[in-house]
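Please read the structure below before turning to the comments.
Every read-out reported here was derived from the displayed coordinates using simple, explicitly stated rules and does not represent laboratory data. These numbers come from a predicted model, not from an experiment. Here the Cβ positions follow ideal geometry from the backbone for every residue, glycine too, while neighbour counts run over all protein chains shown.
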Amino acid sequence: MAADKKTIVIGSDHAGFPMKGLALEVIRDLGYAITDVGSYDDKPVDFPDVARALCKEILEGRAERGIMVCGTGVGAAIATNKVRGIRAAVCHDVHSAHQGVEHDNVNVMCIGAQIVGAWLARDLFTAFLKAEFDPREEHVRRVCKLSDLEGDL
């Protein structure tokens, strides 16, 4: 891996595994290095375990962002959002895939392999990975408030 390549971590459960191959292809084509935290086949696996491994890569600075693929994206988003410092979103449209990064500094995109087809998935991966956080004052303020919520209640 070249030192200047950004690393993306990817994970899936068994339902997301068939789409993970497409995600790996898109990530490589965009020039990113990849860390794959599983699953590695279509045998049943508990998505919270994969989500934990994915989040750890981001929080420990070994990956810039993550992509989590499960059947609907919902379980992956619930699991990853339980981890302090992770801002995950289910993205089934291109606008959310890039705006989530631009406005909310989303660092994990969750998608549903049983919800979106390959063409849309390719566009989602690309939009998410090419997006950059817009550090305007209102975006920074809101992201700080999101972080503050992690310690509330």
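A few comments on the model shown:
- Annotation note: chymotrypsin sites (Phe, Trp or Tyr not before Pro) in the range 61-153 located in DSSP loop regions with a Cβ neighbour count of at most 13 within 10 Å are absent.
- Net +/- balance of residues flanking GLY75 in space, Cβ distance below 10 Å, scoring K and R +1, D and E -1: -2
- Cut-off 12 Å between beta-carbons: net charge of the residues surrounding ARG65, Lys and Arg +1, Asp and Glu -1: +1
- The residues packed around SER96, meaning those with a beta-carbon under 11 Å from its beta-carbon, carry a net charge of -3 if Lys and Arg are +1 and Asp and Glu are -1.
- Within the range 47-153, the trypsin sites (Lys or Arg not before Pro) that combine a DSSP coil assignment with at most 12 other C-beta atoms in a 10 angstrom radius are ARG62, ARG84, ARG136.
- Per-residue ellipticity at 222 nm computed for the chain from its helices equals -14500 deg cm²/dmol, with DSSP H segments shorter than 4 residues left out and the rest contributing -39,500 (n - 2.57).
- Straight-distance crosslink candidates among lysines, where the alpha carbon sits under 17 Å from LYS6 and sequence neighbours closer than 8 are dropped: LYS56, LYS130
- Percent of alpha-carbon pairs separated by more than 20 Å within the chain: 44
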